[in-house]
Amino acid sequence: VGFEKLLHPAIVSASMHQYHSGHFRDAILNSVTVIFDMIRDRTDLDLDGAALATHVFSVKNPLLIFSEIKTKSGQNDQVGFMKILEGIYTGVRNPKAHSLNHNLTPEITGQYLVFASLLARRVDEASNPN
């Protein structure tokens, strides 16, 4: 299976032109940006980054739910993916946005895009609490 078959349609739309053009940094930046756009589109919030992730996916008052949060396992899923979203913004998007220097290859970039696709799918599949 080629990695492109693993990609979420939003990641394909936002990142593959840059990937195929050799603009790996931009492909990764776009993949993270589109995930947060998806969250904002689903919630009508005007937040970004960690503030958006923690507000939308909190266990106590979630706007979107990854799984059944009445169970400990579901709460772990909710909190874990909330933290992963915080982490991808802080640890991937921010460093890429603040420097043109990078060591990205097609393989490394493909791995980032597959990871972003997993998160995009989880955001797509998240349910409303009501």
Residue match in region 38-53 (condition: within 22 Å of Gly87 (Cα to Cα), within 13 Å of the chain's Cα centre (by Cα), touching a residue at least 40 places away in the same chain (Cβ under 8 Å) and buried (at least 22 other Cβ atoms within 10 Å of the Cβ)): yes
Unique match (being assigned to a loop (DSSP other than H, G, I, E, B) and of a type outside the set (D, E, K, R)) among Gly80, Gly22, Gly74: Gly22
Residues that are open to solvent by 60 Å² or more (accessible area, probe 1.4 Å) and either among the polar types (S, T, N, Q) or more than 13 Å from the chain's Cα centre (by Cα) (or both), drawn from region 105-124: Glu107, Gln111
Residue count for region 88-100, restricted to those that are at pLDDT 95 or above and open to solvent by 40 Å² or more (accessible area, probe 1.4 Å): 0
Residue in region 56-74 that is at pLDDT below 95 and surrounded by 15 or more Cβ atoms within 10 Å (Cβ to Cβ) present: yes
Only one of Ser58, Ser99, Ser67 that is in contact with an Asp or Glu (Cβ under 7 Å, 6 or more places away or on another chain) and not in a helix (DSSP H, G or I): Ser67
Qualifying residue in region 49-66 (condition: within 21 Å of Val12 (Cβ to Cβ) and among the β-branched types (Val, Ile, Thr)): no
Total residues in region 1-27, condition within 15 Å of the chain's Cα centre (by Cα) and of a type in the set (Ser, Thr, Tyr): 2
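The values are calculated or read from the model by the stated rules, or taken from the named source; none is laboratory data. These figures come from a predicted structure and were not determined experimentally. Backbone-built Cβ (ideal geometry, glycine too); neighbour counts: all protein chains shown. Remember, those area values only see protein heavy atoms, side chains included, never the ligands or the DNA or RNA. Shrake-Rupley method; radii C 1.70, N 1.55, O 1.52, S 1.80 Å.
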